[in-house]
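Data first, discussion second: the structure below is written as structure tokens.
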Amino acid sequence: RIYGIIDWDNGEKGNDRIKVNGYEKRYTLENYIFDPVALIIFLLYEKIIEPDDIALNTDLKPYEFIKQENEEIQKAIDIICTKILEVTDLNQTGYSECEYSGGHVFNISTAYLECDGKDLEKKVKDTYPKLNSIDRKGSSRNSLKREIVNKIYSSHPEVIPKDVIELLEEIAKG
């Protein structure tokens, strides 16, 4: 069988053969790639941010981020989302509970999760301009996205949002 995967943007519903990634959870693929948990780890690896920029111990290694207490990770997520969305109070944006394949559950700004993918990518790059140089290094316009997937999701599968895993499992079952 052949399946297609589409984004939820524009309220897509899908069918038996067309599956919707992030149905009623995340607007587009970019909302997964730039997931705040993965983005934080990537920013730490690339030394674009330091742990104390997100209220963490200055000795923290990037690979240790997801091993921190949930409250510390949540605080870092909120700092990143506040900065990227340019808001002073994330409570105004609402929160959605997001579960990850490693079992963690965090509350992510609904405005972040439902932001148009291209807009979100622009906001992320505007907030962290050094990411533009990573995007220009590659041979395609998706170099930054590939870098995040290759560096973070492949080496830290525990930070893959659980609904992505569930979608792929559903397709694998046929």
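The residues on offer are 39, 43, 29, and the sole one that is within 30 Å of residue 60 (Cα to Cα) and either at pLDDT below 85 or open to solvent by 30 Å² or more (accessible area, probe 1.4 Å) (or both) is 29.
Name the single residue, out of those in region 84-102 being open to solvent by less than 50 Å² (accessible area, probe 1.4 Å) and more than 16 Å from residue 27 (Cα to Cα), that is nearest to the chain's Cα centre (by Cα). Looking at the filtered set, the residue picked out is 100. Number of residues in region 3-15 that are modelled with pLDDT of 85 or more and more than 23 Å from the chain's Cα centre (by Cα): the value is 1. Checking 151, 118, 67 one by one, the residue that is open to solvent by 70 Å² or more (accessible area, probe 1.4 Å), over 22 Å from residue 9 (Cβ atoms) and in contact (Cβ under 8 Å) with a residue 60 or more places away in the chain is 151 and no other. Six or more apart or on different chains, Cβ under 8 Å: which pairs go from a residue in region 123-135 that's over 18 Å from residue 35 (Cβ atoms) to one that's open to solvent by 40 Å² or more (accessible area, probe 1.4 Å)? Could you list them? Hits for this filter: 130/46. Condition test on residue 109, is it under 17 Å from the mean Cα position of the chain (by Cα) and either open to solvent by 30 Å² or more (accessible area, probe 1.4 Å) or among the aromatic types (Phe, Trp, Tyr) (or both)? No: the conditions fail for residue 109.
Among the residues of region 46-64, just one is exposed (fewer than 12 other Cβ atoms within 10 Å of the Cβ) and outside any loop (DSSP other than H, G, I, E, B), namely 52.
For the subset of region 87-115 comprising residues that are among the acidic types (Asp, Glu) and touching a residue at least 40 places away in the same chain (Cβ under 8 Å), which member is nearest to residue 40 (Cα to Cα)? Across region 87-115, the extreme among qualifying residues is 99. For region 1-39, give me each residue that is over 23 Å from residue 85 (Cα atoms) and of a type in the set (Lys, Arg). Of everything in region 1-39, those that are over 23 Å from residue 85 (Cα atoms) and of a type in the set (Lys, Arg) turn out to be 1, 13, 17, 19.
The values are calculated or read from the model by the stated rules, or taken from the named source; none is laboratory data. Everything numeric here is computed off the predicted structure, so don't read it as measured data. Methodologically, a virtual Cβ is constructed for each residue, glycine included, from the backbone with ideal geometry; neighbour enumeration extends over all protein chains shown. The protein model used for the area step is the full one, side chains on, heavy atoms only, and it has no ligands, DNA or RNA in it. Shrake-Rupley method; radii C 1.70, N 1.55, O 1.52, S 1.80 Å.
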